[in-house]
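*Asks:* Pasting a structure here, questions to come.
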Amino acid sequence: MRKRGGDRGGDRGGDRGQVTVEFLGVLPLALIVLAVVWQVVLVGYTYSLAGNSADKGARAGATKGAGACQDAASKDIPGSWSADIDCAGGDGSVYKATVKLHVPILFPGAADFPWTVTGTAGAADESDLAGGGE
């Protein structure tokens, strides 16, 4: 004879909490994968910041000189990224700017990796034209 509500099988009490145990077993792996993905995003963002800052610095320096290059290159870099900015006149026809940023470990401002990301850019040197094209 069949019981009402269907047969629930024999001893199902032994499976209680199995999903919770499996979840707790996989949770550390999921957190590690999330941290690695986040770190890759930070490295990519640091490359983007370095390249963009070098480009802005080279364009400003090509028209207004080294002071403008330093200001423009450092303007959009967040304070938690430590930067080394080098503005150089280049060979006379190209103004070059180099920005080196330290890659943060998981959280910007907490700790940095020992290597740097370098962004380099150049722009046609127009400093002689900025004075009126004499």
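*Asks:* Test of understanding: among A123, A73, A54, which residue is in contact with a helix residue (DSSP H, G or I) (Cβ under 6 Å, 6 or more places away or on another chain) and part of a helix (DSSP H, G or I)?
*Replies:* Result: A73 is the single residue among A123, A73, A54 that is in contact with a helix residue (DSSP H, G or I) (Cβ under 6 Å, 6 or more places away or on another chain) and part of a helix (DSSP H, G or I).
*Asks:* Take segment 92-118 and flag every residue that is of a type in the set (V, I, T) and modelled with pLDDT of 90 or more.
*Replies:* Start the filter on segment 92-118 by keeping residues that are of a type in the set (V, I, T), which leaves 94, 98-99, 103, 105, 116-118.
Passing the criteria: T98, V99, V117, T118.
*Asks:* Could you grab me the full set of residues in segment 44-76 that are of a type in the set (A, V, I, L, M, F, W, C), within 13 Å of the chain's Cα centre (by Cα) and either surrounded by fewer than 19 Cβ atoms within 10 Å (Cβ to Cβ) or within 16 Å of D125 (Cβ to Cβ) (or both)? Spell out the reasoning first.
*Replies:* Within segment 44-76, the subset of a type in the set (A, V, I, L, M, F, W, C) is 49-50, 54, 58, 60, 62, 66, 68-69, 72-73.
Narrowing the set further to residues that are within 13 Å of the chain's Cα centre (by Cα) leaves 49-50.
Correct list: empty.
The values are calculated or read from the model by the stated rules, or taken from the named source; none is laboratory data. As the structure is a computational prediction, the values presented were derived from the model and not from experiment. Every residue, glycine among them, receives a Cβ derived from its backbone with ideal geometry; neighbour counts consider all protein chains shown.
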